[in-house]
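Trainee: The following block contains the structure, expressed as structure tokens.
The values are calculated or read from the model by the stated rules, or taken from the named source; none is laboratory data. These numbers come from a predicted model, not from an experiment. FYI the Cβ positions are ideal-geometry reconstructions off the backbone, even for glycines, and counts take in every protein chain you see. Please note that ligands, DNA and RNA were not included when accessible areas were found on the heavy atoms of the full protein model with its side chains. Shrake-Rupley method; radii C 1.70, N 1.55, O 1.52, S 1.80 Å.
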Amino acid sequence: MKYSPFSQEVALGLLATLREEKGPVLMALQLMQREFGYVDKACVELIANFFNKSRADVHGVLTFYHDLRTTPPGDHQISICVAEACQAVGARELSKVVRTKFTDETSDAYCFGNCALGPSVMVDGKIIGRATLAKIERART
Amino acid sequence: MRVFVPCDSAALSVGADEVAAAIARIDSTIEIVRNGSRGALWLETLVEVETPTGRIAFAPVTPEDVQSLFDADFLHGGAHPLSLGKSDEIEWLSSQDRVTFARVGIIDPLSLDAYCAHGGLVGLRKALELSSDELISEVTESGLRGRGGAAFPAGIKWRTAAQATSDQKYICCNADEGDSGTFADRMLIEGDPFTLIEGMTIAGIAVGATKGIVYLRSEYPYAIATLQKAIDIAGKSDWLGSSVLGTTHSFDIQIRVGAGSYVCGEETAMLESIEGKRGVVRAKPPLPAVEGLFGKPTIINNVLTLATVPMILAQGAAAYKARGVGRSLGTQVFQLAGNIARGGIVEKAFGITINELVNTYGGGTLTKRPLRAVQIGGPLGAYFSIDQFETSMDYESLIAAGGMLGHGGIVIFDDTVDLAVQAKFAMEFCAIESCGKCTPCRIGSTRGAETIDLIIQGVRVDENKKLLLDLCEVMTDGSLCAMGGLTPMPVKSAMINFPSDFTGAAR
């Protein structure tokens, strides 16, 4: 997945699109991550100043949500569902195997709503059902 | 010539896009309609061909099968090993009672013409003829209860919000379908998003709200894209906007995307999240219907609750409540998941047994090993053994059996499952997802996982089991919301229904 390098100017331009929104902080953080792939440290102060919030408010939101990350992602992102329905068809074992092979880019997730065709894995935003290591490798390229 | 290839993300996960591309490559003159999924997910990718006598189904189709389908003249219903005959005569589907899911899998989700041709907007037009009081009475009369899991009567919630006076009211649709084993909200949004939009518009008219918000989880990128397109289409027609179908009513809908937090499916945590804050639950009262989003009266309903309202208005409350048992009226969209041979959506009236769902529809386990346990109602729901399979699937019977219906998902496990490990996972999940407000949930969940670990290792088993039950009681009684309050349900039900897994001896 392609992201732009962090730039304060771009960030401010994006924040301006949320000027009319009520309760914009989470949306702002999500917007930063969508553009840059992560939420740069500098964004906390930018968002706080832009929406007249405290840095603590923004930091609190940033650290609450599992989706938000503060370091740039790698070239690929693999999320493996390890919730009950996928556990029932071997997700725990699959997660171990995939983690061993793609250590830096694999994370656990809880449910993609594909619970009848598990194990379910999201590779770079694409959903894979009845996932195997081979299918994940194919989707990753 | 029209061929239907589903665009539902479950179908996409097993190659529906590749199947559609393979068909187009061989004959580019075919009109390929990307419908939702009919819900027979083990048959995906289910390809249908429109013929003068009805739609003919072929399934499960892989891209490699496509050439042979053409060779067999599938466009005219030719014989092929994957042919299932007429779609409407597939018993798994035809024996269901599709009300909420009536159009899902049938139509192009983003065709407003197809939507209207299949009964769309009839409910909304009816609603516009009624007074607010009559409209809410109709919803109350239908017996519709909250499908998100709390089962609160929808009409009563609406009445409370309607009676509140405020310059602004909100309709919030809870589409934060985080329970493992549930996917009905996602499939409805991907397969028939206009129904949800219609239900929200009706709710807005009923209580005098002009703004709707759908809180949709980030794990559902396909649903987000489809719903946004549907909202845009409805906005460009005379439906959403300052004059709903030419009347003086005004209604708009915005999507707010979640950020990977399970507890934000709890209604007050969801409100906090929509307000852009940490998803920390609020104490009730005040009820959201009185003081909800941004402090304004707010109706919060699940996707299925709102999406059922148009059908109730179109067909009448009496027709809806003629289905079901006791105080569980109408239909439930059950979801068969996990280690299941024939998984997917089964919409039936309340009162079907676990056995009928899991064995008659589900066909037992995928692995063909003996079925040992089912978890009903998501990660906070109870684990049942096969001894309890004659239990009726309705709100009251499941509570009496020590469980809950939740959002109607059933996860099937074969005999390799270790219920002590599952119980430990329930506690671990709570530790990961707790918002942290209530101590029993925030800390108890970690202590619970540790205690179950000791039981698994055979350390002072009886003493630790007693301690665990005591902890469960504290979590149940001392937590504000269902996260901490119901995490003990899977734990205790596993201990009660599968005692042999809690003896400390390795399974």
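Trainee: Test B:S500 against the stated conditions and say whether it is open to solvent by 60 Å² or more (accessible area, probe 1.4 Å) and either touching a Gly at 6+ places or on another chain (Cβ under 8 Å) or at pLDDT 95 or above (or both). Steps first, answer last, please.
Mentor: Details: open to solvent by 60 Å² or more (accessible area, probe 1.4 Å): yes; either touching a Gly at 6+ places or on another chain (Cβ under 8 Å) or at pLDDT 95 or above (or both): yes.
So B:S500 passes the test.
Trainee: Pick out the one residue from B:E44, B:E48, B:E64, B:E31 that is buried (at least 22 other Cβ atoms within 10 Å of the Cβ) and away from chain A (no Cβ under 14 Å).
Mentor: B:E48
Trainee: Give segment B:386-409 a look and list any residue that's touching a Ser or Thr at 6+ places or on another chain (Cβ under 9 Å) and not in a loop (DSSP other than H, G, I, E, B), or say none.
Mentor: Residues satisfying the conditions are B:S392, B:Y395, B:E396, B:S397, B:L398, B:A400, B:G409.
Trainee: Okay, moving on. Suppose we filter segment A:32-46 for residues that are open to solvent by 30 Å² or more (accessible area, probe 1.4 Å) and either polar (S, T, N, Q) or within 12 Å of chain B (Cβ to nearest Cβ) (or both); how many remain?
Mentor: Here the count works out to 2.
Trainee: Between B:T416, B:T365, B:T360, which is outside any helix (DSSP H, G or I), within 26 Å of B:D185 (Cα to Cα) and hydroxyl-bearing (S, T, Y)?
Mentor: Being outside any helix (DSSP H, G or I), within 26 Å of B:D185 (Cα to Cα) and hydroxyl-bearing (S, T, Y) holds for just one of B:T416, B:T365, B:T360, which is B:T365.
Trainee: For segment B:223-244, enumerate the residues that are in contact (Cβ under 8 Å) with a residue 40 or more places away in the chain and loosely packed, with under 15 Cβ neighbours inside 10 Å.
Mentor: The answer is B:K229, B:S237.
Trainee: Going by what's in this entry, would B:I455 be described as open to solvent by less than 40 Å² (accessible area, probe 1.4 Å) and touching a residue at least 12 places away in the same chain (Cβ under 8 Å)?
Mentor: Against the criterion (open to solvent by less than 40 Å² (accessible area, probe 1.4 Å) and touching a residue at least 12 places away in the same chain (Cβ under 8 Å)), B:I455 qualifies.
Trainee: Name the residue that is farthest from B:Q388 (Cα to Cα), counting only residues in segment B:495-507 that are out of contact with any Asp or Glu (no Cβ under 7 Å at 6 or more places or on another chain) and in a helix (DSSP H, G or I).
Mentor: By that ranking, first place goes to B:F502.
Trainee: Tell me, which helices (runs of 4 or more DSSP H) wholly within segment B:107-202 include 1 or more residues that are within 14 Å of chain A (Cβ to nearest Cβ)? First the steps, then the outcome.
Mentor: Working: elements: B:112-117, B:122-129, B:132-141, B:154-163, B:184-191.
So the answer is B:184-191.
Trainee: List the helices (runs of 4 or more DSSP H) inside segment A:47-136, counting only whole elements, that have at least 1 residues being at the interface with another protein chain (Cβ under 8 Å from one of its Cβ atoms). Full working, then the answer.
Mentor: Details: elements: A:55-64, A:84-87, A:91-101.
The helices (runs of 4 or more DSSP H) meeting that bar are A:55-64, A:84-87.
Trainee: Yes or no: A:A11 open to solvent by less than 30 Å² (accessible area, probe 1.4 Å), over 30 Å from B:A431 (Cα atoms) and either part of a helix (DSSP H, G or I) or within 14 Å of another protein chain (Cβ to nearest Cβ) (or both)? Write out each step before concluding.
Mentor: Details: open to solvent by less than 30 Å² (accessible area, probe 1.4 Å): yes; over 30 Å from B:A431 (Cα atoms): yes; either part of a helix (DSSP H, G or I) or within 14 Å of another protein chain (Cβ to nearest Cβ) (or both): yes.
Criteria met by A:A11.
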